[in-house]
Amino acid sequence: TTTDNAAKARISASELADVDRAHIIHPYLSATTTERVVMAKGQGSTLWDVDGREYLDATGGLWLAQVGHGRAELAEAAATQMRQLEYFTSFWEFSNNRAIELADRLAGLAPDNLNHVYFTSGGSEGIEAALKMARHHHYRRGDTDRTWILARHRAYHGVAYGGGTATGFPLYHDGFGPMLPDVAHLTPPWPYRTDLFGDEDCTDVCIRELENTIAEIGADNIAAMIGEPIMGVAGMVVPPDDYWPRVQEVLHRHGILLILDEVVTAYGRVGQWFAADHFGVRPDIIVTAKGITSGYLPLGAVLVDDHIAETLGQQGFPMGYTYNGHPTSCAVAQANLDIIDREHLLSRATEIGTYLTEKIATELKGIPVVGEVRGVGMMLGIELVSDTATRTPLPNPGAVADAVRREHGVIVRDSAQGLVLSPALTLGHNEADRIAAALRRVLERTDASGTVRD
Ligand code: PMP
């Protein structure tokens, strides 16, 4: 009967894949890929597909599984709340106890000036809210020309039209236009890409460009600058330590708001509650999502400066989502933050993140296609190149990610120019060792054209 069950499971797995192909539109999946990996179960950093094949999740779902998979405590929190009040609106004067408790907690964790919270269902919705808040704040104060948004090339700010425009990759714009007007893209602070900076200091170049752009557009026409403290989709790009403090100083001098997109970096991923703490800046708005529930339910929280909240509140901020302050999502977020606190996952992110980064750097040392291994906490990027001298990006890093999964059952993702890793903050040392070994076994067989040899 064991064989029978296995056969049944196999049949049902391939049937599931057929139905998937017939009915589901997957983001970023071309029709030439017929393979489906159908996940069925998770525990910690381990996943099992419907065939019972085991995987090590080095991507933390989609960069959000702070506490790992399979926490019964979070399922209980959701069930308990659903039995009491599954949902009610937060429009107008309506509120709910779970949203209030969570907002109070977030205000305590966030930088001093951020005491107001606007809940969403995820990152993209949060970015739209932040951009609208920035423009509307100026508008309400009579600064009606302040419409421009400054962003960076290679930024990722979600897929709605506002954030999608601020996103700095052609892929997300081509064929979708016209995009939002009045958005300018600046050079990303990416020290490894010497082609962008030559011999000059990376921050100096970025700041000079920022000042020039402000002069060109006119400070009085600019609402805000938005940026990921560490650029995720670009490849976990860590800016020099002085970049954000200097950007903040320039923006402040010109009355331009600073919006940090911490959809990936918040809630422990970089070893602090927020990357704003890591870089020592006090943004006007922080957008968060993902790690706030570790992905157990959809939720985002936009943290807003007191002065902005005051102007927005005067006549009522005219923008609401049905799921603002969803009580069940907020209850799960509370239970998730409880685990992060109780298990000291902030310091754990630094400890295991340092271990993992060093382990990977050691294993990959001397491999010709490995340009750089970098990271902060549990956000790691591996820059892949076809030539370490010219730093030319390796074509098709997706083939490397696929091989790591198919051959070793380790799930990593490719970014524009390499691989990105963001495992659960609870990852074990043995698991870190397995990730590093799997990467080495594939990368040492990868040639300059991006082909993984047999
Ligand atoms: N901003 C950043 C920096 C992100 O990485 C993401 C998602 N990966 C988003 C915004 C969009 O979030 P969501 O997919 O939840 O809409």
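Beta carbons closer than 7 Å, at least 6 apart along the sequence or on distinct chains, pair a first residue in region 108-127 that is closer than 14 Å to N324 by Cα with a second that is more than 7 Å from the ligand (Cβ to nearest atom) and open to solvent by 40 Å² or more (accessible area, probe 1.4 Å) for H116/D306; T120/Y321; S121/P298; S121/Y321; S121/Y323; G122/P298; E125/Y321. Exactly one residue out of G142, G108 is out of contact with any Ser or Thr (no Cβ under 8 Å at 6 or more places or on another chain), more than 16 Å from the ligand (Cβ to nearest atom) and farther than 30 Å from V332 by Cα: that is G142. Scanning region 15-47 for residues that are touching a Lys or Arg at 6+ places or on another chain (Cβ under 8 Å) and among the polar types (S, T, N, Q) returns a single hit, T34.
Screening region 383-425 for residues that are of a type in the set (K, R), on the phi < 0 side of the Ramachandran plot and touching a residue at least 24 places away in the same chain (Cβ under 8 Å) and picking the one that is surrounded by the most Cβ atoms within 10 Å (Cβ to Cβ) gives R405. Residues in region 218-241 that are surrounded by fewer than 18 Cβ atoms within 10 Å (Cβ to Cβ), out of contact with any Phe, Trp or Tyr (no Cβ under 6 Å at 6 or more places or on another chain) and either under 23 Å from V304 (Cβ atoms) or among the charged types (D, E, K, R) (or both): 3 in all.
This table checks each residue for (1) under 30 Å from the mean Cα position of the chain (by Cα); (2) at pLDDT below 95; (3) open to solvent by less than 70 Å² (accessible area, probe 1.4 Å).
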| position | (1), (2), (3) |
| --- | --- |
| A7 | no, yes, yes |
| T34 | yes, yes, no |
| V37 | yes, no, yes |
| S45 | yes, no, yes |
| D49 | yes, no, yes |
| Y55 | yes, no, yes |
| A58 | yes, no, yes |
| W63 | yes, no, yes |
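Any idea how many residues of region 282-291 are assigned to a helix (DSSP H, G or I) and more than 10 Å from the ligand (Cβ to nearest atom)?
Keep residues of region 282-291 that are assigned to a helix (DSSP H, G or I), which gives 290-291.
Filter again for more than 10 Å from the ligand (Cβ to nearest atom), leaving 291.
Residues flagged as assigned to a helix (DSSP H, G or I) and more than 10 Å from the ligand (Cβ to nearest atom) within region 282-291 amount to 1.
Looking at region 195-228, which of the residues that are charged (D, E, K, R) and closer than 21 Å to T390 by Cα is farthest from the ligand (Cβ to nearest atom)? My answer is D199.
Among the candidates A130, A151, A155, the residue that is open to solvent by less than 20 Å² (accessible area, probe 1.4 Å), assigned to a strand (DSSP E or B), under 23 Å from V238 (Cβ atoms) and touching a residue at least 40 places away in the same chain (Cβ under 8 Å) is uniquely A151.
Answer with yes or no whether N96 is touching a Gly at 6+ places or on another chain (Cβ under 7 Å), closer than 26 Å to G268 by Cβ and more than 12 Å from the ligand (Cβ to nearest atom).
Numbers: touching a Gly at 6+ places or on another chain (Cβ under 7 Å): yes; closer than 26 Å to G268 by Cβ: yes; more than 12 Å from the ligand (Cβ to nearest atom): yes.
Here the answer is yes, as N96 does meet what is asked.
Pairs are defined by a Cβ separation below 9 Å, a sequence spacing of at least 6 or placement on different chains, a first member in region 329-348 that is open to solvent by 30 Å² or more (accessible area, probe 1.4 Å), and a second member that is small (G, A, S) and not in a helix (DSSP H, G or I); the pairs so defined are L346/G268; L346/G271; L346/G377; S347/G271; R348/G268; R348/G271.
Please work out which residue is surrounded by the fewest Cβ atoms within 10 Å (Cβ to Cβ), limiting yourself to region 69-121 and to residues that are among the basic types (K, R) and within 23 Å of the chain's Cα centre (by Cα). Before the answer, list the steps.
Initial filter on region 69-121 (among the basic types (K, R)): 71, 83, 98, 105.
From what's left, within 23 Å of the chain's Cα centre (by Cα): 71, 105.
Numbers: R71: 21, R105: 17.
Selected residue: R105.
The values are calculated or read from the model by the stated rules, or taken from the named source; none is laboratory data. All of these numbers come straight from a predicted model, not from anything done at the bench. When we count neighbours, we look across all protein chains shown, and the Cβ atoms used for this are built from the backbone with ideal geometry, even at glycine. Keep in mind that these areas ignore ligands, DNA and RNA; they rest on the heavy atoms of the full protein, side chains included. Shrake-Rupley method; radii C 1.70, N 1.55, O 1.52, S 1.80 Å.
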